[in-house]
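Colleague: Next up is a structure, given as structure tokens.
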Amino acid sequence: MWRCLALGGFLALVPSAASAHSPFPGIGSFYQGLLHPLIDVGQALALAGFGMVLGQNAARIRGPAWIGFSLAMIIGLSAAWLQPMLYAPEWWIIVFALIAGAAVAAAQPLPASAVWPFGAAMGLVVGIITMPAPAALPVMLLFILGSFIGVQLIMFYALSAARWAGRQADHRWLPIGVRILGSWVLAVSALMLALAWRVETGS
Amino acid sequence: MPAKRFLDLVFVLMFGLFLLAGPALAHTEGAAGFGGGFLSGFTHPIFGWDHVVAMVAVGLWGAFLGSPAIWILPVVFPVIMAFGGALGVLGFPLPAVEMGIAASSIVLGLLIALAVRAPLWIAAIIVGAFAILHGHAHGTELPDATSPIAYSLGFVIATGLLHLSGIALGLLIGRPGGALAIRTGGAAIAVAGVAFLFGFV
């Protein structure tokens, strides 16, 4: 019995190339899209920051802001051809991250008139810059679908974490932890902007 | 199952794993990719003892100051440090940065050792001034980093974690003998600062 188990354990642990996970042709582009917002650090920071902003604010602001963001992102995705006309899109994203980080660090209730337009503008830009490499239409569509889901997941996790932290009345340091994360987002964004400025001006 | 038999089985399995071990080919991008940049940024404050000591000191002093300073400083410090970092990235010269960094250990160490409870705005000015100097030192090296974005992410997180380590140590203040231990630590930080200043370390 134990010999069989040992042998089975060996066989299970023998390393070999994993060639599975390609049941659908082109599914790889979906996963590329899914990871795209994470690989782009500026975008990941902006999304996580905005997610935390939503988590810190009331449901009446949170829900419409998220819907507005998502709709704007869909519009942006369908208008990705605008990307060449958008001046320095990577700057835009970092500026969004900077503002979102500042809002999280400040942890003040924000008016809907500030959160909704901000979310919509950010969703639009995120959509526009999510342009897949030229390929067959289904492959590009899978990439876009993956990106959309990836963006939603990042925001969902950040929002949920911030919201959960805000509810822990017995652990007052948890909302402070969220504010510290916001200040980190702000700090990294400020440095990235300074660096982008330096590269742009050649100084 | 007898314990000996179980240990035999574990031994056989582990021996087999050693025999089956192949080369680890992951992370070959090393110093060139995002991971390399992040690691470089993350280790920069940790391998620089002057940074480590000062960051921990900020957290310790925050603990002495009590609420709300203990919670405001770790939120505000990275932001001000980033401002200093941006100055460094843009090549804005600041005088005597290294001397100021060493001085930060001396001043903060003395404030802790003497248990000075300054008003929040004075504490913010002192810590903020030092944060700019520390940020400037990091920022000056940023443009040469392998992946500047990853570098900045790494050093901001490392600085924050050092800061939180200081706060965690500072929470000893509520324990018997904790205040004395923290004040002694502050004195050690001040001595370390003198060593940094005069190049003994």
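Here, each number is a calculation from the coordinates, and none is a lab measurement. Model, not experiment: these values are computed from the prediction. When we count neighbours, we look across all protein chains shown, and the Cβ atoms used for this are built from the backbone with ideal geometry, even at glycine.
Colleague: Of B:W49, B:W61, B:W71, A:W184, how do they rank once you tally other Cβ atoms within 10 Å and put the fewest first? Numbers along the way, then the final one.
Modeller: Values: B:W49 14, B:W61 30, B:W71 19, A:W184 25.
With the fewest neighbours first, B:W49, B:W61, B:W71, A:W184 line up as B:W49, B:W71, A:W184, B:W61.
Colleague: Simple spin-label model, 7 Å along Cα-to-Cβ: A:L71 to A:H171 in nm?
Modeller: 3.7
Colleague: Here's a follow-up. In which sequence would B:D144, A:D170 go, from the one with the fewest C-beta neighbours within 10 Å to the one with the most?
Modeller: Values: B:D144 9, A:D170 5.
If I rank by nearby Cβ atoms, fewest first, I get A:D170, B:D144.
Colleague: Report, to the nearest 10°, how far helix A:27-39 tilts away from the longest principal axis of the Cα atoms in chain A, using its own Cα long axis and a range of 0 to 90°.
Modeller: So the helix axis and the longest Cα principal axis differ by about 40 degrees.
Colleague: Here is a further query. What's the center-to-center distance, using Cα atoms, between segment B:135-173 and segment B:50-93 in Å?
Modeller: 9
Colleague: What's the exposure ranking of B:Y151, A:Y157, going from fewest to most Cβ atoms within 10 Å? Display every interim value, and only then the final one.
Modeller: Details: B:Y151 28, A:Y157 15.
Starting with the residue having the fewest Cβ neighbours, the order is A:Y157, B:Y151.
Colleague: Applying 1/(1 + (r/R0)^6) with R0 = 51 Å to the Cβ-Cβ distance of B:A179 and A:A114, what FRET efficiency is obtained, to the nearest 0.05?
Modeller: With R0 = 51 Å, the Cβ-Cβ based efficiency is 0.70.
Colleague: On C-alpha positions alone, give me the angle between the axis of helix A:112-129 and the longest principal axis of chain A, in degrees, nearest 10.
Modeller: 50
Colleague: Continuing with the same structure: Under the rule a/c < 1.5 gives rounded, and otherwise a/b versus b/c splits prolate from oblate, where does segment A:72-203 land using the Cα gyration tensor?
Modeller: The shape class here is oblate.
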